[in-house]
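Report on the following structure.
The values are calculated or read from the model by the stated rules, or taken from the named source; none is laboratory data. Everything numeric in this text was worked out from a predicted model, so none of it was measured. So basically every Cβ, Gly included, is an ideal-geometry build from the backbone, and we count neighbours across all protein chains shown. Surface areas here come from the heavy atoms of the whole protein model, side chains and all, with no ligands, DNA or RNA. Shrake-Rupley method; radii C 1.70, N 1.55, O 1.52, S 1.80 Å.
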Amino acid sequence: KEQLVWRQELSPGISTPCVHGDLVVLTTWDKTHKQLATVALDRATGKRRWMTVLKSERIEKTHSTGSPAVSTPACDGKRVYVFFGSFGLVCYDLDGKELWRKPMGPFQDEFGASSSPVLVDNLLVLSEDHDVNCFLIGIDPATGKTVWKTSRKGQTRSYSTPIVWNSGKERVLVV
């Protein structure tokens, strides 16, 4: 207790917080009201800087220990990107103003979608491997437009987030 700097009560969610400068961003899910939210806290004080709520009529099924608010947000210093499974991808500025949204899904997967968006050079990359229609997608972070989309036929149910591996000779996107 003597080392605790701050504590902030929030709705449930199991995303890993994304930290950029003095901003801590995470996602939450209020099952009772069917509300998905992105919450930004001040890193020094824990006080809420902003919160945006998305109401959705279509929420995918998740495992009882899971949540539709499981994907970790990403931030490039200008924008915050959050993925809420079958709701889709949403982009905010650092003050919480929605800049664009990209509806996605619904996905067929009994456990829900949990891959997190990652920034790779000038792209936002998301891996979506479910029971059917698996794909890897590259999105323009400024506009939300699809730059490329690659089918991953034969893949099924992967919850991993892509990473970039630099072998010294080339950079490879690993899923």
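Does Glu9 qualify as being over 16 Å from the mean Cα position of the chain (by Cα) and either modelled with pLDDT of 80 or more or among the β-branched types (Val, Ile, Thr) (or both)? Criteria met by Glu9. Just one of (1) part of a loop (DSSP other than H, G, I, E, B); (2) under 16 Å from the mean Cα position of the chain (by Cα); (3) at pLDDT below 80 fails for Asn133. It is (2). Tell me yes or no: at least one residue of the range 64-82 is β-branched (Val, Ile, Thr), touching a Gly at 6+ places or on another chain (Cβ under 8 Å) and more than 18 Å from Leu124 (Cβ to Cβ). Looking through the range 64-82, none of the residues is β-branched (Val, Ile, Thr), touching a Gly at 6+ places or on another chain (Cβ under 8 Å) and more than 18 Å from Leu124 (Cβ to Cβ).
For beta carbons closer than 6 Å, sequence separation of 6+ or different chains, a first residue in the range 1-28 that is without any contact (Cβ under 8 Å) to a residue 24 or more places away in the chain and a second that is assigned to a loop (DSSP other than H, G, I, E, B), the qualifying pairs are Asp22/Arg43; Val24/Pro17; Val24/Arg43. Confirm whether Lys149 is over 29 Å from His33 (Cα atoms), of a type in the set (Lys, Arg) and either at pLDDT 80 or above or part of a helix (DSSP H, G or I) (or both). For Lys149, the condition - over 29 Å from His33 (Cα atoms), of a type in the set (Lys, Arg) and either at pLDDT 80 or above or part of a helix (DSSP H, G or I) (or both) - is met.
Within the range 68-95, being open to solvent by less than 10 Å² (accessible area, probe 1.4 Å) and at positive phi holds for Gly85, Gly88. For the range 35-51, the tally of residues that are farther than 13 Å from Ser11 by Cα and among the hydroxyl-bearing types (Ser, Thr, Tyr) stands at 1.
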